[in-house]
Amino acid sequence: MQTLNIIDNSSSGFNAFQLFNDKPMVSADRILNLIEQLQSTLCFEQLINRFAMEASKYADFSGLSFQYQDGIANMRGSRPGKFKEQIELRINEEFIGVLTYHINQRLNQQNLDTLQELHRYLAYPLKNAVLLHQANQLAMHDHLTGLNNRRFFDDQLKKAINHAKRNENMLSLMLIDLNKFKQVNDTHGHHIGDIVLKEFSRVLSACIRDYDTAFRFGGDEFAVIIEGADTTSVANIEARIHHKTQMNSLLSKYDVSASVGFSFLHNNDNEANFFNRADQGLYKQKVAQPRGPLRIV
Ligand SMILES: Nc1nc2c(ncn2[C@@H]2O[C@H](COP(=O)(O)OP(=O)(O)OP(=O)(O)O)[C@@H](O)[C@H]2O)c(=O)[nH]1
């Protein structure tokens, strides 16, 4: 894998004066046009598509992808080739991501040199897209557990309700609250409390399907949006949460259990009453919980 490390200084490829003086392999007009195209979006897919349109004039490839920290963006219609040519992009040594060209014939040195010239104009827009992606991740995720946060929940719940009504699909909302969690903090300290919250988040994620979304609202409160599941599936998820929490050595060591409430979307529901019914279910289980063993459905 080749590495392109762009050093951010006055002699970088971004110096417009240099563009017109150094006889680049790609004409200055084309480069300016490419820069303009790349500057007008922060979407990974659009960046890769727009870049690929230009790059395909200088090299023959069947696919192009950009792999960043925790995701991958593919050129539209990207197809695997016989070989791969990978270029790691860095700016001032900082890792931005890896570009992968899918090719059927090895690129010659001139192809590669031209692509490397073009990569100089792609690296900064990609870096901006990575920064935006990281900021979005921070804004949407709970920093302690890595689950989605309350802010993202509001957004997702609205979308899920609209989607379920439009497609006449079932939709369920599950609310979960840990029992005796304050006691863990008070007896063992906040640090252990944090470990318990992380462990429960892991357990909760293991109880749901990949396409169900789990959230931490804050404190010891969690939620799961469950799309397209009937009453039996939702009851099974609830049973799994109770069972796995009881069986987990760390959670049982600190005597932590969970209370769960859920609701199913009705035709005339809005977000508030859909949420309130789940909350009432949670409350019922919460008040019933200290009186006897956990209800395993
Ligand atoms: N360790 C830790 N504790 C937190 C965090 N956020 C909130 N808390 C604590 O979570 C506790 C929540 O208290 P309660 O809602 O009374 O929880 P509980 O003891 O489970 O009570 P019930 O829900 O009635 O069973 C409080 O002690 C908060 O200080 C966090 O990020 N880390």
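The values are calculated or read from the model by the stated rules, or taken from the named source; none is laboratory data. What you see is a predicted model, and the numbers here were worked out from it, not measured in a lab. Here Cβ is always computed from backbone atoms with ideal geometry, including for glycine, and neighbour counts include all displayed protein chains. Note: accessible area is taken over every heavy atom of the protein model, side chains too, but ligands, DNA and RNA are not part of it. Shrake-Rupley method; radii C 1.70, N 1.55, O 1.52, S 1.80 Å.
Worth a mention:
- Distribution of pairwise C-alpha distances over segment 143-182, 10 Å bins, in %: 22, 42, 26, 9, 1
- Each helix, a run of at least 4 DSSP H residues, gives -39500 (n - 2.57); summed and divided by the residues of the chain, these come to -16000 deg cm²/dmol at 222 nm.
- Taking the Cα centre of the chain as origin and assigning +1 to Lys and Arg Cβ atoms and -1 to Asp and Glu Cβ atoms, the resulting dipole is close to 660 debye.
- Here the dipole of segment 148-291 is about 160 debye; that uses its Cα centre as origin and unit charges on the Cβ of Lys and Arg (positive) and Asp and Glu (negative).
- Expressed to the nearest 5 percent, the antiparallel share of DSSP beta bridges inside the chain is 85 percent.
- Accessible surface of residue 198 - all protein chains present, 1.4 Å probe, nearest 10 Å²: 100
- Take the Cβ atoms of residue 28 and residue 136, set R0 to 35 Å, and the FRET efficiency comes out at 0.50.
- Folded to 0 to 90 degrees: helix 109-140 orientation relative to the chain principal axis, Cα: 20
- Solvent exposure ordering (accessible area, 1.4 Å, most first) of 187, 3, 213, 100: 187, 3, 213, 100
- Pairs with C-alpha atoms separated by more than 18 Å, drawn from the list 180/284; 198/244; 182/284; 84/127; 198/253, are 182/284; 84/127.
- Relative contact order, whole percent, for segment 148-291 stands at 34, derived from Cα pairs under 8 Å and 6 or more residues apart.
- The per residue volume of the convex hull around the alpha-carbon atoms of segment 2-140 is 108 Å³.
- The long axis of helix 28-39 is offset from the longest Cα principal axis of the chain by roughly 10 degrees.
- Mean sequence separation of contacting Cα pairs (under 8 Å, at least six apart), scaled by the length of the chain, corresponds to a relative contact order of 15 percent.
- Dividing the convex hull volume of the alpha carbon atoms of the chain by its residue count gives 178 Å³ per residue.
- Rolled with a 1.4 Å probe across the full set of protein chains, the surface gives residue 191 an accessible area near 130 Å².
- Using alpha-carbon coordinates, inclination of helix 150-167 to the longest axis of the chain, degrees: 90
- Our note on the geometry: Cα centres of segment 65-108 and segment 260-286, 46 Å apart.
- As a length-normalised measure over Cα pairs under 8 Å and 6 or more apart, the relative contact order of segment 2-140 settles at 30 percent.
- Across the options 133, 160, 118, the greatest Cα extent toward the positive end of the charge dipole of segment 117-177 (unit charges at beta carbon of Lys, Arg, Asp, Glu) belongs to 118.
- Positive-pole candidate from 174, 147, 59, dipole of the chain, charges at beta carbon: 174
- The Cα atoms of segment 148-291 define a convex hull whose projected area, averaged across directions, is 8.4 nm².
- Accessible surface ranking for 262, 274, 95, 1.4 angstrom probe, highest first: 95, 262, 274.
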